[in-house]
Amino acid sequence: MQYLFKVSISGAPVWRLVALDGRASLSHTSSLLCMAFGYEMVDCYFLSDGKRIYALRQNAPIDRLSSQDLDSYIKENSGVFTFSVSDGVSELSHSFETIRSDEKLSCLIPSCIFGAGKVPPHGPYNPGLVSAFAQDEANRELDLRVVTKRMRALGSVQPPLEKALADAGIAPIPFKTRN
């Protein structure tokens with residue numbers, strides 16, 4: 001499935017309408033949402049049953065949930081989940097609303113179709129500061145081409161590990177053992 005989601009920062013007039021592929025892992029989807037909002041140097045994650053599913057990043061824990069695809073996660077959780085970012089000082093929660101789901105949407109995936117407001121380039125991220133930043137005249141305009149370009153740089157789905165290693169020129173080492 002392909003999805004249109006409206007992702008809004010709780011307590012701030014900043015939101016994005018994003019088109020995402022349901023085959024993407026939850027950790028990859030977290031990374032795409034970080035790019036959609038332009039977050040830098042923060043932890044981006046889904047919150048599920050009190051457990052954080054982090055965006056792809058160095059030293060991020062990888063488990064069954066982080067590699068689960070968005071389609072199956074939505075079916076299991078009735079489409080209800082929370083996306084948050086943390087800069088180590090504060091946490092910013094986002095509401096998630098499924099606008100449309102279809103086998104094939106009439107747009108390129110991933111992309112930011114529409115949105116409003118920018119977030120500060122660096123934290124702290126809390127609703128009051130983000131709201132004040134977004135309401136400043138200079139930060140009201142959102143260049144959707146830039147947002148979509150950031151998202152597309154990651155791709156719609158994370159390539160399988162074996163393919164990524166092969167693309168990097170890393171091949172299995174054949175060896176024989178002695179009995």
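What the table shows:
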item: Gained length - Phe114 relative to Ser86, 0.36 nm times residue gap less alpha-carbon distance; result: 7.7 nm
item: Loop-exposed trypsin sites (Lys or Arg not before Pro) per DSSP, neighbour cap 11 Cβ within 10 angstrom, longest uninterrupted part of the chain; result: 1-103
item: Neighbour cut-off at most 11 other Cβ (10 Å), DSSP loop, GluC sites (Glu not before Pro), the stretch 63-159; result: Glu103, Glu141
item: Three-way shape label, the chain, alpha-carbon gyration tensor, a/c 1.5; result: prolate
item: Aspartates and glutamates with Cα under 19 Å of Lys104, excluding same-chain neighbours fewer than 8 positions away; result: Asp21, Asp69, Asp71
item: Cβ-based net charge around Leu32, under 12 Å, with every Lys or Arg adding one and every Asp or Glu removing one; result: +2
item: Nearest-0.05 FRET efficiency for Thr177 and Arg145, computed from C-beta distance (R0 45 Å); result: 0.25
item: Rel. contact order, % - alpha carbon contacts under 8 angstrom, at least six apart, the chain; result: 31 percent
item: Accessible area of the chain divided out per residue, in Å², using a probe of 1.4 angstrom; result: 57 Å²
item: The chain, accessible surface, carbon-and-sulfur percent (1.4 angstrom probe); result: 55 percent
item: Förster-model FRET efficiency, 41 Å R0, Ser72 and Asp136, C-beta, rounded to 0.05; result: 0.50
item: Net length gained if the chain between Leu47 and Ser95 were fully extended (0.36 nm per residue, minus Cα distance); result: 16.1 nm
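The values are calculated or read from the model by the stated rules, or taken from the named source; none is laboratory data. None of the values given here were measured: they were computed from a predicted structure. Positions of Cβ are generated from backbone atoms using ideal geometry, with glycine treated the same way; all protein chains shown enter the neighbour counts. For accessibility, only protein heavy atoms count, side chains too; no ligands or nucleic acids. Shrake-Rupley method; radii C 1.70, N 1.55, O 1.52, S 1.80 Å.
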